[in-house]
Amino acid sequence: MDKLIINGGRKLKGDVSVSGSKNAALPIFVATILAPGKFEISNVPFLRDINTTIKVLDSLGARIEGNGNVVRIDTTGLNNVEATYELVKTMRASVLVLGPLLARHGRARVSLPGGCAIGARPIDQHLKGLKALGAEIRLEHGYVEATAKKLKGTRINFDMPTVGGTEHLMMTATLAKGVTLLENAAREPEIVDLANMLNLMGAQIEGAGTDTIRIEGVKELSPVDYRVMPDRIEAGTFMVAAAITGGDVRISNMQLEHLDALVFKLQDAGVEILNKDGIVRVKGPKKLRSINIKTRPYPGFPTDMQAQFMALMCIADGASVIAENIFENRFMHVSELIRFGADITIDGKSAIVKGIKKLSGAPVMATDLRASASLILAGLAAEGQTEITRIYHLDRGYEAIEKKLAGLGADIVRVKE
Ligand code: EPU
């Protein structure tokens, strides 16, 4: 197993480029199931979760070839309709294949994902939607077995905005007969990216990015070439890296408008952000101010930036209240941040962070993807050495992060344990 060693206290400076979005690429790969033929997906980040998605598609009978950040997927011979427990338990997003398999083949058998480190994360909304579209669903031996002669468009009102649920039903409804309305839909940019690809394939989707999405079913879809959008969470993580080290970083290949909620909070904290000619320059202040945040569905403050923002608030002036409203167990980084000397107490859904002058480097353990990022950020700002173990979590979602940070002047290396 690899670990990261960071010698903190260096101000980050220079240029960094953001990779393609993990959370957009995953459903985009799954969408290739909907049409037989050859797809070319570019700007694909090199990540463990992408590898898992490739394994899922391969197990279904697709042929996949990768060349750097371009992946070619041929779904002509995709005839298997089962996604096993082995694959789904490694990555929950694999469950998104259920609806597309059902739409293309009339049946599917997909393992239920089970629990997750950040919360229970049920898929009841996905299943409710598939049933409403006319699927017959049975749960047997830990698997969801779904069949449908013909899916029929309908109105689906989500109990809460769910990113995966919205993506899943939007993909499935493209091949249903008639019109489907997804109400109280999630509005994340990754959903818009997926809808853009589906529309290129011949789907008729309107309203992606709003809370009501209208999908008019079509008879068939065709394969396309598609470029994945930049990763807004990776971009946000670099913005916080600049801020927490008092650095001056220029970030390219990012879409700042996807990060409005974070940008306002960083500016309130005293961080300078300039957007010019597609490059975002972030300058950390001498002293950060404490700011409260509440995570919310997009366009609110993203839960995927909560841990990183908390690391920042650890060295801000004053006290900050950080409320996590999306996942019930997404404070696992708190006890690790406390090992850096941070002053944090948890009260229900909120963490109260009292800023201190300096963090001090420590051996810590990564618990999930974004928690890992927050520990790196704390390590970059801390005095002395930090050692982060269990970084396989990090490799699920950040492409070559230690190399990118080293390119900005950070003293960070990956070593084999
Ligand atoms: N929920 C249900 N029932 C459902 C679906 C969701 O109760 O059927 C609940 C969840 O338990 C959660 C809330 O609704 O409390 C929102 O979950 P959502 O479905 O939106 O999350 P997701 O689709 O499983 C995606 C990202 C996550 C990100 C969340 C929220 C992907 C592959 N994953 O998950 O990304 O945190 O949206 O924005 O797109 C990450 O990248 O680190 C990550 C965890």
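The values are calculated or read from the model by the stated rules, or taken from the named source; none is laboratory data. Everything quoted here is computed from the prediction, not taken from an experiment. Backbone-built Cβ (ideal geometry, glycine too); neighbour counts: all protein chains shown. Side chains included, ligands, DNA and RNA excluded: accessible areas come from the protein's heavy atoms. Shrake-Rupley method; radii C 1.70, N 1.55, O 1.52, S 1.80 Å.
Per atom type, the chain shows carbon and sulfur on 48% of its accessible surface, probed at 1.4 Å.
Rounded to 0.05, the FRET efficiency of the Asp347 and Lys403 pair, given R0 = 30 Å and the Cβ-Cβ distance, is 0.20. In percent, how large is the relative contact order of the range 22-227, given Cα pairs closer than 8 Å and 6 or more residues apart? Answer for the range 22-227 is 20 percent. Global size of the range 370-417: 10.2, 28 Å for Rg and Dmax (C-alpha atoms, Rg to one decimal, Dmax whole). Annotation: amide H-H contacts under 5 Å for Gly9 (H modelled 1.01 Å from N, sequence separation of 5 or more, or interchain): Ala381, Ala382. For Asp15, nonlocal amide neighbours, meaning residues 5 or more places apart or on other chains whose placed amide H falls under 5 Å from its own, are Arg250.
Around the amide H of Asn157, modelled in the peptide plane, lie the amide H atoms of Glu183, all under 5 Å away and 5 or more residues distant in sequence or on another chain. A P(r) calculated from all alpha carbon pairs of the range 50-136, with 5 Å bins opening at zero, reads 3, 13, 23, 22, 19, 12, 7, 1, 0 percent.
Applying the Karplus relation 6.51 cos²θ - 1.76 cosθ + 1.60 with θ = phi - 60° to the range 354-371 yields 3J(HN,Hα) values of 9, x, 10, 5, 9, 8, 10, x, 7, x, 9, 10, 6, 10, 7, 4, 6, 4 Hz, where x marks Gly and Pro.
Note on the range 22-227: with charges restricted to the Cβ of Lys and Arg (+1) and Asp and Glu (-1), its dipole about the Cα centre is near 420 debye. Adding -39500 (n - 2.57) for every DSSP H run of four residues or longer, then dividing by how many residues the chain holds, sets the calculated 222 nm ellipticity at -9000 deg cm²/dmol.
Which one, Leu133, Leu262, Val56, projects farthest toward the positive side of the charge dipole computed for the chain from Cβ point charges (K/R +1, D/E -1)? It is Leu262.
Comparing mean-square fluctuations of Lys349, Lys219, Lys286 from a GNM of the chain with C-alpha springs under 10 Å, the top value falls on Lys219.
Largest accessible area first, the listed residues Tyr226, Tyr398, Tyr298 line up as Tyr298, Tyr226, Tyr398 when surface is computed with a 1.4 Å probe on the assembled protein chains.
The 3J(HN,Hα) values that the Karplus relation (6.51, -1.76, 1.60; θ = phi - 60°) gives for the range 267-277 are, in residue order, 5, 4, 7, x, 7, 9, 10, 10, 10, 9, 6 Hz. Gly and Pro appear as x.
Note on the chain: with charges restricted to the Cβ of Lys and Arg (+1) and Asp and Glu (-1), its dipole about the Cα centre is near 160 debye. For the chain, a Gaussian network of Cα nodes joined below 10 Å ranks Thr76, Thr147, Thr53 by mean-square fluctuation, and the top entry is Thr76. Beta-bridge orientation, the chain: approximately 70 percent antiparallel, per DSSP, counting only bridges with both partners inside.
The residues Thr174, Thr389, sorted by heavy-atom accessible surface at 1.4 Å with ligands and nucleic acids left out, run Thr389, Thr174 from largest to smallest.
Val163 contributes an accessible area of around 50 Å² to the protein surface, as traced by a 1.4 Å probe with all chains present. Exposure check, 1.4 Å probe, all protein chains in place: Phe327 carries approximately 40 Å² of accessible surface.
Take the Cβ atoms of Asp58 and Gln385, set R0 to 51 Å, and the FRET efficiency comes out at 0.80. Quick check: from the Cα gyration tensor, does the range 22-227 come out rounded (a/c under 1.5), prolate or oblate? Taking the square roots of the gyration eigenvalues as a ≥ b ≥ c, the range 22-227 is rounded.
Dividing the alpha-carbon radius of gyration of the chain by the rule-of-thumb value 2.2 N^0.38 Å gives 0.98. In the context of the full set of protein chains, residues of the range 207-360 present 43 Å² of accessible surface per residue (probe radius 1.4 Å, heavy atoms only). Bridge orientation summary for the range 258-392: considering DSSP beta bridges with both residues in this region, about 65 percent are antiparallel.
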